[in-house]
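Contents: one structure, followed by commentary.
FYI, it's all coordinate maths here, none of it is from the lab. These numbers come from a predicted model, not from an experiment. As a convention, Cβ positions derive from the backbone with ideal geometry for all residues, glycine included, and neighbour counts pool all protein chains shown.
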Amino acid sequence: MRFSGAFVVVVALFITVLLASNITAVKLIHIVTLPFSFLGSDLVFLPAAIAIFPISYIFGDVLTEVYGFRVARSVIWLGFGCNALLVLFLWVAGLMPAEVFWADQEAYDTILGQVRWVLLGSFVAYLVGEFSNSMVLAWLKGVTQGRFLWLRTISSTVVGQGFDSFVFIFIAFGLSGVLGAEQLFRIALIQWWAKIAYEALATPLTYWVVNYLKRREQLDVYDTPRSLNPLAVFA
C-alpha cells in the first residue's frame, strides 16, 4: 500500500496524542464535587490525560475503518515503540548530573521520571485497549456490512476504553498502594464513562474524517476475523 500525506498526518497525530497522554497521566485533576456519595466519596478526580487520550481512540477508529486492521495494528505497535523510546530518553536525561544551580531535579523525577507502576500500567493498558478497540471495530464492520459506523465506534470504545481504564488505574495506582480498592474502582468507572461520552460526542467528527479519507484514498478495507491477530505483524 502506498501511504498518502493524509495517512502520515493521522499517524503523526495519533502518536502525538499518545505521548502527550502518557506524560500528563501522572497528574490527578479534580473534576467535580458530587452532592452525594458515590462508592464512598463525593469527589470526582481523574488523570489529566482524560482530556486528550480518548482522541487516540478516534484516530484508531479512523485508521481501522479506512485502512483496515493490519495497517492499524502496525501503527499501534509503532506508537508503543515511540512511547518506549520517550520513556528511555526521559530516564537517561534524569540520570545525567544536574548543574549545581539547577534546583528542579526532584520535580523532573516526579513528573517525567514517572514511577514504574504508572509506566507499566500505561504500556499494558495501551496495548490491551487499543487492540481490543481496533479488533472489535473491524469485526463489527464485517458483521454490519459497513453500516452503522456510530454503533461500531461506540461499541468498540466501550470495550477498548473499558480495558484501558481498569487496567491502567489498577496497575498504576493499585499496585503502588496509592489508592484503595473503592477509590480505584470509582476512578476507573468514571474514567470509562467519561471516555465513552467523549467518543459519542465526537461521532460527527469521526464520520466526517472517515468519509473524507475514504473518498480521498479510495479505500474502504474489510478484515476477515482470522486476520485480527495483534502479533501477526511480527510473523
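Here are the numbers for this structure:
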| quantity | calculated |
| --- | --- |
| Reciprocal of mean inverse Cα separation for the stretch 102-231 (Kirkwood radius, Å) | 16.8 Å |
| Percentage relative contact order, the chain, counting C-alpha pairs under 8 Å, at least six apart | 25 percent |
| Order of Met96, Met135 under a 10 Å beta carbon neighbour criterion, fewest first | Met96, Met135 |
| Proximal lysines relative to Lys141, as straight alpha-carbon distance under 27 Å, when same-chain residues fewer than 8 apart are discounted | Lys195, Lys214 |
| From the C-alpha gyration tensor of the stretch 127-193, square roots of 5λ in Å | 30, 11, 5 |
| Nonlocal amide H pairs with Ile31, under 5 Å, H built at 1.01 Å | Val44, Phe45, Leu46 |
| Kirkwood hydrodynamic radius over Cα pairs of the stretch 52-131, then Stokes diffusion coefficient at 4 °C and 1.567 mPa s, in µm²/s | 89 µm²/s |
| Within-12-Å neighbourhood charge of Gly94 [Cβ basis; K, R +1; D, E -1] | -3 |
| Sorted by Cβ neighbour density within 10 Å, fewest at the top, the residues Glu199, Glu99, Glu182, Glu217 | Glu99, Glu182, Glu217, Glu199 |
| Scaled radius of gyration (Cα, divided by 2.2 N^0.38 Å) that the chain gives | 1.08 |
